[in-house]
Amino acid sequence: MWHACGLTRPWNDPRADLDQARAGATSTVLVARRAGVVVGTVMAGVDGHRGWVYYLGVQPGEQGRGLGSALLRAAEAWLGAHGARKVQLMVRTGNPVSGFYAGHGYAVQDCLVLGRWLEPAAG
């Protein structure tokens with residue numbers, strides 16, 4: 001489903017992300033099903049006082065019915081219950097989904113996101 005929603009990138013292994021989120025005490029993956037079929041997901045994690053939302057996606061044929069909003073509210077509730085005082089997420093520049101998040105009270109934050117890939121630990 002994440003592929004159908006355009007949430008994956010060649011440098012990220014979504015299966016590894018899913019497994020890591022499910023195994024962690026400070027993260028979860030919430031799933032919406034219709035007739036036993038996964039139609040939406042959201043991944044949430046807490047890094048201290050901040051909560052993060054990732055992989056919020058709804059199957060294209062199910063979009064526009066409020067499922068994304070319900071998943072976002074569920075993620076926010078989970079994060080609040082796990083100590084997050086602020087929720088953040090990242091949206092790629094130019095992604096039209098920015099309007100969805102703005103409609104839920106999210107605003108562009110005055111910060112610059114920097115990143116660096118780490119080499120896998122030897123083991």
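The values are calculated or read from the model by the stated rules, or taken from the named source; none is laboratory data. Fair warning: this is a prediction, and the values are worked out from it, not measured in the lab. Cβ sites come from the backbone with ideal geometry, for glycine too, and all protein chains shown count toward neighbours.
Mind listing whichever residues of segment 13-33 are loosely packed, with under 13 Cβ neighbours inside 10 Å, out of contact with any Gly (no Cβ under 9 Å at 6 or more places or on another chain) and modelled with pLDDT under 85?
D13, R15, A16, D19
Taking segment 79-104 as the region of interest, how many residues are over 23 Å from L114 (Cβ atoms) and in contact with a Ser or Thr (Cβ under 6 Å, 6 or more places away or on another chain)?
Looking only at that region, the number is 0.
Give me a count of the residues in segment 82-102 that are basic (K, R) and in a loop (DSSP other than H, G, I, E, B).
Here the count works out to 2.
For segment 71-123, name all the residues that are among the basic types (K, R) and more than 14 Å from the chain's Cα centre (by Cα).
R85, K86, R116
Read through the list (1) part of a helix (DSSP H, G or I); (2) in contact with a helix residue (DSSP H, G or I) (Cβ under 8 Å, 6 or more places away or on another chain), then give the number of the only condition that V53 fails.
Unmet condition: (1).
Kindly check whether there is at least one residue in segment 49-56 that is over 21 Å from H3 (Cβ atoms) and out of contact with any Leu (no Cβ under 8 Å at 6 or more places or on another chain).
Yes - at least one qualifying residue is present in segment 49-56.
From G36, G45, which residue is surrounded by fewer than 15 Cβ atoms within 10 Å (Cβ to Cβ) and not basic (K, R)?
Every option except G36 fails the conditions.
Which condition number does G105 fail, the rest of (1) touching a His at 6+ places or on another chain (Cβ under 7 Å); (2) assigned to a loop (DSSP other than H, G, I, E, B) being met?
Tallying (1) touching a His at 6+ places or on another chain (Cβ under 7 Å); (2) assigned to a loop (DSSP other than H, G, I, E, B), G105 fails exactly one: (1).
Somewhere in segment 29-52, is a residue more than 14 Å from the chain's Cα centre (by Cα) and either touching a residue at least 60 places away in the same chain (Cβ under 8 Å) or closer than 20 Å to G105 by Cβ (or both)?
Yes, segment 29-52 contains at least one residue that is more than 14 Å from the chain's Cα centre (by Cα) and either touching a residue at least 60 places away in the same chain (Cβ under 8 Å) or closer than 20 Å to G105 by Cβ (or both).
Restricting the search to segment 66-98, which residues are among the basic types (K, R) and farther than 17 Å from L30 by Cβ?
R85, K86, R92
So if I check each of G94, G36, G105, which one is small (G, A, S), more than 20 Å from G6 (Cα to Cα) and modelled with pLDDT under 95?
G36
Among the residues of segment 59-77, are any exposed (fewer than 15 other Cβ atoms within 10 Å of the Cβ) and in contact with a Lys or Arg (Cβ under 7 Å, 6 or more places away or on another chain)?
The answer is no; no qualifying residue exists.
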